[in-house]
1. Can you give the accessible area of Thr79 in Å² (nearest 10), computed on protein heavy atoms with a 1.4 Å probe?
2. Ranked from the most accessible area to the least, with a 1.4 Å probe and all protein chains present, what is the order of Ser128, Ser96?
3. Could you tell me the accessible area of Asp149 in Å² (1.4 Å probe, neighbours in place), rounded to the nearest ten?
4. Using a 7 Å offset from Cα along Cα-Cβ at Ser146, what residues in region 44-58 end up with backbone N under 17 Å from the label point?
5. Limiting things to C-alpha atoms, what are the Rg and the maximum Cα-Cα separation (Dmax) for region 1-94, in angstroms?
6. In terms of solvent-accessible area of protein heavy atoms at a 1.4 angstrom probe, what is the ranking of Phe34, Phe26, Phe56, highest value first?
7. Given a 1.4 angstrom probe, I'd like the percentage of the accessible area of region 1-77 that is carbon and sulfur, rounded to a whole number.
8. Sorted by accessible area with a 1.4 angstrom probe, largest first, how do Ile138, Ile25, Ile156 fall?
Amino acid sequence: MEERWNELGAWERARQHDARAFASIFDHHEGRVFRHSLHLTESRHDAEDVTAGSFFELWRRREAVRLVGGSTLPWLLVTATNLSRNNRRALRRYRSVLDRLPRADSETGALFEPSFEVDRDLYSAMRSLNSVDGSLLILTAIEGLSVKDAAGVVGISDGAGRVRLHRAKERLRDQLQQHGEHIPALTGGNK
């Protein structure tokens, strides 16, 4: 008969620097922490980093970690959530810096200007949205995510995501109508 895994016993041994006991905790919870992280980050690579960071913090702070119901999983999930928020903030700062840099055309070396492929009015209107609203609009209208999933990616509630997306669509629509543009994709409801 197969012996039932005892996380509490493994955790006590891990706290005493038993690497094999810690590895058993990792093996038991890694998949769940990764799936949780994948919902909170923008890429599989970021989710892997968050998962690894969560287990690193569990090992590093093992003397202070409190188990919930005899399991490290709740602590790991909260830590993954916090690390993914940190990851998103860093990514926003990074993108903000990149957005402020002048872009050069790879063939001519000239600074980037929206071409006929990128409508100037739409480009300008999208750039006027703040990063959260712009991300919500792109994630739902272009990437096809539900509002709930997109809101989770940018770190806000589903309800806040719906309100912000609605207002962003209205602002974008108003700006485009001032220039005589009509974008049918923006007139639809929220998923």
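1. 20 Å²
2. In descending accessible area the options line up as Ser128, Ser96.
3. 80 Å²
4. none
5. Rg and Dmax of region 1-94, Cα atoms, are 14.0, 54 Å.
6. Phe56, Phe26, Phe34
7. 50 percent
8. Largest accessible area first, the list is Ile138, Ile156, Ile25.
The values are calculated or read from the model by the stated rules, or taken from the named source; none is laboratory data. Keep in mind that this is a model prediction, so the values were computed, not measured. Cβ atoms come from the backbone with ideal geometry, glycine included; neighbour counts cover every protein chain shown. Heavy atoms of the whole protein, side chains included, go into the accessibility calculation; ligands, DNA and RNA do not. Shrake-Rupley method; radii C 1.70, N 1.55, O 1.52, S 1.80 Å.
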